[in-house]
Amino acid sequence: MKQALYRKYRPIKLSELVGQEEAVSLIQNQIDKENLGHAYLFSGPRGVGKTSLARIIALQLGCDPIFDISEIDAASHNKVDDIREMNESVNFIASSPGKKRVFILDEVHMLSNAASNAFLKTLEEPPEHIIFILATTEPERVLETIKSRTTQVVFKKITEDGIIKTLKKIGKKEKITLDDEIIKMIANSSEGSLRDAINLFEQTHNTFGDKASVDDLFSLLGQLSSKDFEIIINAVETQNTGAVLKVIREAYGKGLQPGDIVDSVSEFFRNLFYLKYLPDDNKLSSLTPNLKKLLEEANKKISAKQLVRILDLIDEINTVISTTSSAHLKLEIFMMKIIKPELGSDVKSIGYRVDLLEGKIAGSVGSVNDAKPDLEDKKEKKELKKPKKNVSKTSPESLENFDVYWPKILEELKEKLSSRKFSYLTAVKPEVESNDTINLFVDKDNEFLLQELKKSEEVIDLVISEVAKKMGIEIGIKILLSEKSTLGESKGLDAAQEVFEVEDLN
């Protein structure tokens, strides 16, 4: 029977362990100085080398793999009787003459409290020839009393570059040829687990051979393909519900479950979120060129407000999809709400529909408002600041995306304005009034700032210029007193940031 590649290429020397330089350095120094501890707790993600390092330590100490190394799966041997049996073997079974005996307990967080407590005495005072190495993916679930009796070593996720290098090395030895884009996708989808990456590498080649495509890999991963997302994005733009239902039905036919589809959609729109707000994030640099191109197209078609609404829907479906008895129906309703906002009854969907209606109304009555400026409250509004005619334009964007560009505009103006004048812009709240007008709201109690902005031609002209440069739109600006404090944060952006745990971008 053919040996799996992840077992065949499991490291057997410290120098072969990938991506754990700190852990290797610690253990090597202790071995060289003959100063190994009697108990270790290895914690970190799955498939990064915890058990491999435990075995290497045993081999470095000259242990016989059959007689001197005992591996116990604490997930399936987690009862008091299991630990008592191990305690007996610790006390009464000797090692090979003059050698150490190593006990490796994998998934130690799965031990029951009673079993953990039964283990404490032996862990604290084992015979001199015994070394315990505990491994866990969830160190927070391990009893503090156990942690306190061990030397703790933290393992990191393996970098994508490290995984790619290892996969290519294995491929060369095994004469397996896969496209570089496929290998990059495997590394990205493995989430730092080298074992998972090697498994997927082998499975991809065994299933599809050297001609494996990106969509072939998507099918192995249980994810929607790039073509599927192309259809979904176009459907969002055209509100084509039939096209999306067809994608879902075809995904079912390929064996994908509702949870798989939700995970795919969630990951895609999470990447889109990063593209809009953190375009230089490392997460995006690891994506394949085709996926990057698709995200860039989606970014043009889906506004910031639309994206926040979709993120809220994703957060909602993720809380119910794994427990509901009607997962297929929930998924289909979820996708319909993404495509057609009018089908949603949540606050974000209603708010988005109101925004659309207000946009249409503003467009129809704008000329009337412009024709009667004398009816405006002079204290609250300044006459519309007209844009300069000689401002250069790029490919036009929609002002719906203005909240995405405002932090970038501020970043540019920080270099061009004095600290005092730049502080004016950080104290206002910008809001889009219509397709060519932006309102800068000043706190109702800050009459001084209102007057300063009214007479500061430089500040307003630079804002207009930067909007034209970055968005390709010639705008007018109104300076208004707000009826309430302008210091509150954008609730829509806060919701998205809370889901993905990123820092405030403003």
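Yes or no: segment 138-146 includes at least one residue that is touching a residue at least 12 places away in the same chain (Cβ under 8 Å), in a helix (DSSP H, G or I) and over 30 Å from the mean Cα position of the chain (by Cα).
For segment 138-146, residues touching a residue at least 12 places away in the same chain (Cβ under 8 Å), in a helix (DSSP H, G or I) and over 30 Å from the mean Cα position of the chain (by Cα): present.
Which residue pairs have Cβ atoms under 8 Å apart, sit 6 or more places apart or on different chains, and have a first residue in segment 75-90 that is over 22 Å from residue 38 (Cα atoms) and a second that is among the acidic types (Asp, Glu) and surrounded by 13 or more Cβ atoms within 10 Å (Cβ to Cβ)?
From segment 75-90, the pairs are 75/106; 75/107.
Out of 70, 76, 15, 43, I need the residue that is surrounded by 13 or more Cβ atoms within 10 Å (Cβ to Cβ), in contact with a helix residue (DSSP H, G or I) (Cβ under 9 Å, 6 or more places away or on another chain) and more than 14 Å from residue 131 (Cβ to Cβ). Which one?
43
Go through 209, 222, 192 for me and flag whichever is out of contact with any helix residue (DSSP H, G or I) (no Cβ under 7 Å at 6 or more places or on another chain) and more than 18 Å from residue 10 (Cα to Cα).
Going through 209, 222, 192 in turn, just one is out of contact with any helix residue (DSSP H, G or I) (no Cβ under 7 Å at 6 or more places or on another chain) and more than 18 Å from residue 10 (Cα to Cα): 209.
Taking segment 474-502 as the search range and keeping residues that are modelled with pLDDT of 85 or more and of a type in the set (Val, Ile, Thr), which one is surrounded by the most Cβ atoms within 10 Å (Cβ to Cβ)?
If we filter segment 474-502 for residues that are modelled with pLDDT of 85 or more, which is where we start, we get 474-481.
Still in the running and of a type in the set (Val, Ile, Thr): 475, 477, 479.
Details: 475: 23, 477: 22, 479: 25.
Selected residue: 479.
Take the residues of segment 437-473 that are assigned to a loop (DSSP other than H, G, I, E, B) and not basic (Lys, Arg): which is surrounded by the most Cβ atoms within 10 Å (Cβ to Cβ)?
Among those residues, the one meeting the criterion is 473.
Tell me which residues, restricted to segment 99-117, are part of a loop (DSSP other than H, G, I, E, B) and touching a His at 6+ places or on another chain (Cβ under 8 Å).
99, 100
Please go through segment 1-44 and give me each residue that is acidic (Asp, Glu) and under 30 Å from the mean Cα position of the chain (by Cα), ordered by number.
Hits for segment 1-44 are 16, 21, 22.
So which helices (runs of 4 or more DSSP H) stay within segment 210-291 end to end and still have 3 or more residues that are polar (S, T, N, Q) and at pLDDT 85 or above?
It comes to 258-277.
Select from segment 411-449 the residues that are hydrophobic (A, V, I, L, M, F, W, C) and free of Cβ contacts under 8 Å to residues at least 40 places away in the same chain and write down the one among them that is farthest from residue 481 (Cα to Cα).
422
Restricting the first residue to segment 311-326 and requiring it to be part of a loop (DSSP other than H, G, I, E, B), which pairs with a second residue that is surrounded by 16 or more Cβ atoms within 10 Å (Cβ to Cβ) meet a Cβ separation below 8 Å and a spacing of at least six or different chains?
Sorted first by the residue in segment 311-326, then by its partner, the pairs are 321/258; 321/262; 321/327; 321/330; 321/331; 324/330.
Can we say residue 157 is assigned to a loop (DSSP other than H, G, I, E, B) and within 20 Å of the chain's Cα centre (by Cα)?
On the way: assigned to a loop (DSSP other than H, G, I, E, B): yes; within 20 Å of the chain's Cα centre (by Cα): yes.
Taking the combined requirement at face value, the residue satisfies it.
Go through (1) out of contact with any Leu (no Cβ under 7 Å at 6 or more places or on another chain); (2) farther than 15 Å from residue 228 by Cβ; (3) of a type outside the set (Gly, Ala, Ser) for residue 260 and report which single condition fails.
All conditions are met except number (2).
In segment 18-40, what count of residues is obtained for those that are on the phi > 0 side of the Ramachandran plot and either touching a Lys or Arg at 6+ places or on another chain (Cβ under 7 Å) or surrounded by 15 or more Cβ atoms within 10 Å (Cβ to Cβ) (or both)?
Here the count works out to 1.
The values are calculated or read from the model by the stated rules, or taken from the named source; none is laboratory data. This structure is a prediction, so every number in the text was calculated from the model and none was measured. A quick note on method: Cβ atoms are made from the backbone with ideal geometry, for glycine too, and the neighbour counts reach across all protein chains shown.
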